[in-house]
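Trainee: What follows is a single structure, and I will ask about it in a moment.
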Amino acid sequence: MNIPGIMMAALAVSLYATVIYGAYLAAKAPKAERPMLLLLFVSQLPMSMAAFVALRGPLDAAVRAVLAPEHWLYPWVTLLYAPLTEEPAKLWPLLLPVVVKGITRDNLGRAARALGVGFGVGEALWIAHLVAQDPRVRPLPWHMFVPFMRERFQVALIHALLVALTLHGVTAQPRRVGRWLLVAMGAHLALNAPVLLAAKGWLGDRAEAQSLLTMWVSLWWVAALVMLPRMEAPPNPLKDLPKAD
């Protein structure tokens, strides 16, 4: 069986992200919280593909019905697709009572990590599947995709930061959760916007644009590293002890 190099790279970074980010959660989360975090992680694995097929495809079809792809406005409209479809897709576990009760202001950051990393791992595999359809890409060896692997590892945690914004609304300001979802969508739009600017040549030549995009994603990743721990309380070692009768 000949596995395309891009798929091997995606499998490698997915495993790496799961182990590294999962080890952090295992170390920081109280024992009683870990099953819910695992549920959140697993629930997100198919959601990048599901959002693309079930939401993004029909949305693009509707846009194309009124706006030709050759129109100058079309690329700017498509820039909205990811924020509009992916941020709501990350929230479907909130339909489960065990999740609604389990996510609090104390563990918001850890819940966001589980949701975001799960989504990011699934997204890496889905993107690799789409890219592998190009016959020019399939023969390339996996090590040609090291930049892809680095980006996907960082983006997995950035997804956690984005969904944490909405979870803040869920736990701290439930009456304004819609506003916080819009904030998350806006942040997602800001994250993706330079990709379109680079495609239009507005960020310099190809090498300059790639360097700027790498720096931009890295800055968001550092922001996630700094902000997410501030959204979670330290584990309570007494929480899991049996209570006296």
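The values are calculated or read from the model by the stated rules, or taken from the named source; none is laboratory data. Because the structure is a prediction, the values reported are computed rather than measured. Here Cβ is always computed from backbone atoms with ideal geometry, including for glycine, and neighbour counts include all displayed protein chains. For accessibility, only protein heavy atoms count, side chains too; no ligands or nucleic acids. Shrake-Rupley method; radii C 1.70, N 1.55, O 1.52, S 1.80 Å.
Trainee: Within region 32-46, is there a residue that is at pLDDT below 95 and either surrounded by fewer than 18 Cβ atoms within 10 Å (Cβ to Cβ) or in contact with a strand residue (DSSP E or B) (Cβ under 9 Å, 6 or more places away or on another chain) (or both)?
Mentor: Yes, region 32-46 contains a residue that is at pLDDT below 95 and either surrounded by fewer than 18 Cβ atoms within 10 Å (Cβ to Cβ) or in contact with a strand residue (DSSP E or B) (Cβ under 9 Å, 6 or more places away or on another chain) (or both).
Trainee: Let me ask something else. Just need a number here: residues in region 119-133 that are of a type in the set (A, V, I, L, M) and either open to solvent by 80 Å² or more (accessible area, probe 1.4 Å) or free of Cβ contacts under 8 Å to residues at least 24 places away in the same chain (or both). Spell out how you get there, then give the answer.
Mentor: Taking region 119-133 first, the residues of a type in the set (A, V, I, L, M) are 121, 124-125, 127-128, 130-132.
Among the residues that remain, those that are also either open to solvent by 80 Å² or more (accessible area, probe 1.4 Å) or free of Cβ contacts under 8 Å to residues at least 24 places away in the same chain (or both) are: 130.
Number satisfying all stated conditions: 1.
Trainee: Within region 134-170, which residues are among the β-branched types (Val, Ile, Thr), surrounded by fewer than 18 Cβ atoms within 10 Å (Cβ to Cβ) and either part of a helix (DSSP H, G or I) or touching a strand residue (DSSP E or B) at 6+ places or on another chain (Cβ under 6 Å) (or both)?
Mentor: Answer for region 134-170, where residues must be among the β-branched types (Val, Ile, Thr), surrounded by fewer than 18 Cβ atoms within 10 Å (Cβ to Cβ) and either part of a helix (DSSP H, G or I) or touching a strand residue (DSSP E or B) at 6+ places or on another chain (Cβ under 6 Å) (or both): just Val146.
Trainee: Got a sec? Which of Ala114, Ala27, Ala17 is on the phi < 0 side of the Ramachandran plot, open to solvent by 60 Å² or more (accessible area, probe 1.4 Å) and of a type in the set (Gly, Ala, Ser)?
Mentor: Numbers: Ala114 fails: open to solvent by 60 Å² or more (accessible area, probe 1.4 Å); Ala17 fails: open to solvent by 60 Å² or more (accessible area, probe 1.4 Å).
Step by step, each of Ala114, Ala27, Ala17 is checked, and only Ala27 is on the phi < 0 side of the Ramachandran plot, open to solvent by 60 Å² or more (accessible area, probe 1.4 Å) and of a type in the set (Gly, Ala, Ser).
Trainee: Related question: What's the number of the only condition in (1) of a type outside the set (Val, Ile, Thr); (2) in contact (Cβ under 8 Å) with a residue 24 or more places away in the chain; (3) more than 24 Å from Leu11 (Cα to Cα); (4) part of a helix (DSSP H, G or I) that Arg175 fails to meet?
Mentor: Of the numbered conditions (1) of a type outside the set (Val, Ile, Thr); (2) in contact (Cβ under 8 Å) with a residue 24 or more places away in the chain; (3) more than 24 Å from Leu11 (Cα to Cα); (4) part of a helix (DSSP H, G or I), the odd one out for Arg175 is (2).
For every residue, the table says whether it meets (1) open to solvent by 50 Å² or more (accessible area, probe 1.4 Å); (2) under 24 Å from Tyr24 (Cα atoms); (3) in contact with a strand residue (DSSP E or B) (Cβ under 7 Å, 6 or more places away or on another chain).
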| residue | (1), (2), (3) |
| --- | --- |
| Gln173 | yes, no, no |
| Arg176 | yes, no, no |
| Val183 | yes, no, no |
| Leu189 | yes, no, no |
| Asn192 | no, no, no |
| Ala198 | no, no, no |
| Gly201 | no, no, no |
| Leu213 | no, no, no |
| Val222 | yes, yes, no |
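Trainee: For region 46-100, which residues satisfy the criterion of being of a type in the set (Phe, Trp, Tyr) and in a loop (DSSP other than H, G, I, E, B)?
Mentor: Once the filter is applied, which keeps residues that are of a type in the set (Phe, Trp, Tyr) and in a loop (DSSP other than H, G, I, E, B), region 46-100 yields only Trp72.
Trainee: Mind checking which residues of region 1-14 are crowded, with 16+ Cβ neighbours inside 10 Å and assigned to a loop (DSSP other than H, G, I, E, B)?
Mentor: Correct list: Pro4 only.
Trainee: Which members of region 83-115 meet the condition of being in contact (Cβ under 8 Å) with a residue 40 or more places away in the chain, in contact with a Lys or Arg (Cβ under 8 Å, 6 or more places away or on another chain) and under 20 Å from Ala54 (Cβ atoms)?
Mentor: Result: Leu115, single match.
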